[in-house]
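Everything below concerns the one structure shown next.
Read the figures in this text as sums done on the coordinates, not as results from a lab. As the structure is a computational prediction, the values presented were derived from the model and not from experiment. Here the Cβ positions follow ideal geometry from the backbone for every residue, glycine too, while neighbour counts run over all protein chains shown.
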Amino acid sequence: MTWQLTKKHNFDAVFDSQKLFRLLLEAISNPTRIVDIKEIADKLFGSYPELLAVAMTLLDNETGFSIYGSDSLSADIAALTLARREAVSAADFIFVCDKSGIQEAIEKAKYGTLAQPHKSATVVIQSDGAQAGSLTLSGPGIAGAVEIPVSQAVKDALACRAAQNYEYPQGIDLIFVSDKGELMAVPRLVKVVE
């Protein structure tokens, strides 16, 4: 009798992480651009493979994270990245699986200091991808102002972030991932134009 070992995930920790990291950089550098991470996320299993792919790319044993809405995702992230589970107010990365957690996650997220604005959290939000209108964004990485179609999760998160009234250059970075593998980033200095 021979035994054959099978893997639960086919995600390559080196090559797939590098590929996804380049896509994340593209999205962060171009805040209105949507990148496709579906091919990479499909190599992972579970309820939120897109969020898990982002976590496996950005987290390691020196980062802390918090989750809204999925104990199984929390266990998978801890096991696969060795990152620490922390309170929302101390977490470097906050993953929101359920849009009912968006407001609390943003209100409690650390937003850096005036001397160290980079010590802020990144909030990664699962979005259904369904368009619920459009918003006009402006800021670094955007030439002038650009109107883009957005989901309700994006609208809610940006409205909640704006309500925090962070002092420049403080704030939190937002990453939105749909279950179709579409990823969009809105860095802390990009604002909604009213």
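Figures for the structure shown
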item: Between helix 71-81 and the chain: long-axis angle, C-alpha atoms, 0 to 90°, nearest 10; result: 80
item: For the chain, size of Cβ-based charge dipole, Lys and Arg +1, Asp and Glu -1, in debye; result: 200
item: The chain: relative contact order in percent, alpha carbon pairs under 8 Å with at least 6 residues between; result: 22
item: For THR63, residues with placed amide H under 5 Å, excluding near neighbours; result: ARG84
item: Residue (of GLN103, SER72, ALA115) at the positive-pole extreme of the range 15-188, dipole from beta-carbon charges; result: ALA115
item: Charge dipole (debye, nearest 20) of the range 87-194; +1 at Cβ of Lys and Arg, -1 at Cβ of Asp and Glu; result: 240
item: Check: the range 13-60 dipole with +1 on Lys, Arg Cβ and -1 on Asp, Glu Cβ, in debye; result: 80
item: Helix-only mean residue ellipticity at 222 nm for the chain, each DSSP H run of n ≥ 4 adding -39500 (n - 2.57), per residue, nearest 500; result: -9000 deg cm²/dmol
item: Long pairs among LYS43/LYS155; LYS19/LYS43; LYS19/LYS191; LYS43/LYS180; LYS38/LYS108, criterion Cα-Cα beyond 21 Å; result: LYS43/LYS155; LYS19/LYS191; LYS38/LYS108
